[in-house]
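The values are calculated or read from the model by the stated rules, or taken from the named source; none is laboratory data. In this text, all values refer to a predicted model and were calculated from it rather than measured experimentally. Quick reminder, even Gly has a Cβ in these numbers, built from the backbone with ideal geometry, and neighbours come from all protein chains shown.
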Amino acid sequence: MQDVLRASARNVLVMLLSRQMRLLPGLVTACLLLHAADWPRFRGPNGFGVGENAALPAEFSPSKNVVWKTPLPPGHSSPILSGKRIFLTAFEGQKLFTIGLDRATGKILWRTESPRTYFDPVDKRNSPASPSPVSDGENIYVFFPDFGLLSYDFAGKERWRVPLGPFHNVYGMGASPIVVEGKVILACDQSYGSFVAAYGKDDGKLRWKTPRTEALSGHSTPALYQPKQGPAQIIVPGSFRMDAYSVETGESVWWVYGLSSEMKSLPLISGDTVYINGYSSPENDPGRQVFIPPFADVLAARDTDKDGQISKAEADERTRQMFLFIDLNADGKVNDAEWKTYRAMMATENGLLAFRAGGHGNVTESSLLWKYQRSIPQLPSLLLYENVLYMINDSGVLTTLDPATGAVHKQGRLRGVADHFYSSPVAADGKIFFVSEAGIVTVLKAGGAQEVLAVNELDDLCAATPAIADGRIYIRTRSALYAFGK
């Protein structure tokens with residue numbers, strides 16, 4: 001019970017500090033480094049990706065600076081830390097598992113199987129166990145897209161379950177749940193039927209559910225925004241727009257347009273500024289947009305059976321290649337509404353955008369602070385650390401920027417070589433950690449110059465984002481969870 005009380009106290013302190021940090025933007029990093037003892041959700045407190053200021057090794061490997069290593073079944077979920085425990089999800093064959101480990105030793109304490117209702121195929125970059133758990137300091141909450149939401153206590157005993165789905169996401173689902181003010185909040189964006197919903201953390205009962213009519217397939221995890229005055233909000237990026245919803249009611253309080261049609265990164269909030277990056281395709285880079293004709297013109301030229309729709313056989317080569325993304329209801333034909341969405345998808349631009357948070361209604365014109373549109377990531381989220389904004393794209397091009405203006409400090413390929421990045425960067429102890437799909441961990445000295453301190457090889461694939469606490473960095477590979485520390 002003392003462990004639970006201590007964990008709860010730490011989480012309350014982090015929450016209070018987070019609210020104060022929005023009043024004192026310049027102290028965001030300092031407060032996080034001093035007080036973020038746990039890493040209770042994807043990318044730590046509010047998704048910042050910044051750990052406590054304890055000494056961390058720059059050099060490590062499977063045989064160097066290893067505190068412990070625990071073999072695990074595969075899964076893309078990132079580890080979370082709460083109290084004396086570490087939690088993550090995994091799959092083995094057709095089975096889904098939530099796993100609890102001892103934080104000090106890495107010993108697996110329990111492994112509880114989840115029910116599985118669906119066996120939907122996912123993109124090769126995804127897995128059936130991609131969303132990360134979240135903890136309130138006493139219990140944990142997990143989302144398996146092939147079943148729904150579940151809650152366990154720290155001993156692995158199930159508290160409640162909420163079946164959800166089936167979902168219709170061309171990539172498979174990936175957004176992680178968060179816990180705010182007694183609610184478990186989950187964003188479910190998909191080809192149709194997108195929504196964000198809140199469930200009571202003690203009973204799993206639906207508190208509110210808000211449709212996201214414009215949102216298409218994506219998996220951005222929400223973040224908490226606390227205005228200087230007024231109740232808390234959650235910020236959820238989606239196709240074309242980003243909404244701030246009331247935590248209490250689920251009402252969309254304010255929103256901005258200008259986002260890509262595919263949103264996978266989480267929003268990064270510092271004070272009253274929200275940073276968000278979105279990337280759809282190379283053809284969504286500025287100046288490379290392809291003209292998509294009106295649907296009436298397409299029907300006139302290609303609707304051979306005169307049914308008012310376009311089948312894959314009737315489509316041109318480019319449309320056939322994109323058919324999976326255009327045919328949103330997967331009925332084998334494209335109708336007028338789906339074609340309009342397709343035209344909107346191709347008209348969007350990839351970019352990193354900075355908005356001033358707050359207001360009411362559509363605040364796009366008044367809130368956009370700056371925009372940057374080169375080498376934008378699709379999957380990795382942004383990192384703000386010691387007044388430098390870090391952005392690494394999926395192929396390893398790293399851009400460091402001034403968060404106030406968007407001015408570039410430096411841009412170049414990390415280590416000078418090509419690699420794939422699904423993991424998001426994290427930081428602590430004056431160091432930035434980038435983990436590639438090939439398991440190469442590049443450690444930079446904090447700052448815009450991109451000075452490399454070390455390059456470490458883990459000899460395994462990696463898609464999860466690391467966690468930082470206890471003077472350790474916890475990294476999940478395809479087959480194991482490592483704790484590295486001095």
Condition check for residue 166: surrounded by fewer than 21 Cβ atoms within 10 Å (Cβ to Cβ) and either under 16 Å from residue 218 (Cα atoms) or acidic (Asp, Glu) (or both): yes
Residue count for the stretch 310-327, restricted to those that are assigned to a helix (DSSP H, G or I) and under 18 Å from residue 291 (Cα atoms): 8
Check on residue 151, hydroxyl-bearing (Ser, Thr, Tyr), farther than 25 Å from residue 200 by Cα, out of contact with any helix residue (DSSP H, G or I) (no Cβ under 9 Å at 6 or more places or on another chain) and assigned by TED's automatic domain parsing to the domain that holds residue 206: no
Residue ID - farthest from residue 372 (Cα to Cα), chosen from residues in the stretch 235-287 that are free of Cβ contacts under 8 Å to residues at least 60 places away in the same chain, touching a strand residue (DSSP E or B) at 6+ places or on another chain (Cβ under 6 Å) and surrounded by 24 or more Cβ atoms within 10 Å (Cβ to Cβ): 245
Every residue from the stretch 219-234 that is touching a residue at least 12 places away in the same chain (Cβ under 8 Å) and outside any strand (DSSP E or B): 219, 220, 221, 222, 226, 227, 228, 231, 232
Test set (1) of a type in the set (Ser, Thr, Tyr); (2) part of a strand (DSSP E or B); (3) crowded, with 24+ Cβ neighbours inside 10 Å - residue 70 fails condition number: (3)
Set 97, 87: member being among the aromatic types (Phe, Trp, Tyr) and free of Cβ contacts under 8 Å to residues at least 40 places away in the same chain: 97
Among (1) closer than 30 Å to residue 85 by Cα; (2) of a type outside the set (A, V, I, L, M, F, W, C); (3) within 18 Å of the chain's Cα centre (by Cα) - the single one residue 479 does not satisfy: (3)
Per-region count, the stretch 452-468, residues on the phi < 0 side of the Ramachandran plot and either buried (at least 18 other Cβ atoms within 10 Å of the Cβ) or not in a strand (DSSP E or B) (or both): 11
Conditions (1) under 27 Å from the mean Cα position of the chain (by Cα); (2) crowded, with 17+ Cβ neighbours inside 10 Å; (3) within 24 Å of residue 120 (Cβ to Cβ); number of the one not met by residue 334: (1)
Residue in the stretch 362-380 that is in contact with a helix residue (DSSP H, G or I) (Cβ under 7 Å, 6 or more places away or on another chain), part of a strand (DSSP E or B) and of a type in the set (Phe, Trp, Tyr) present: no
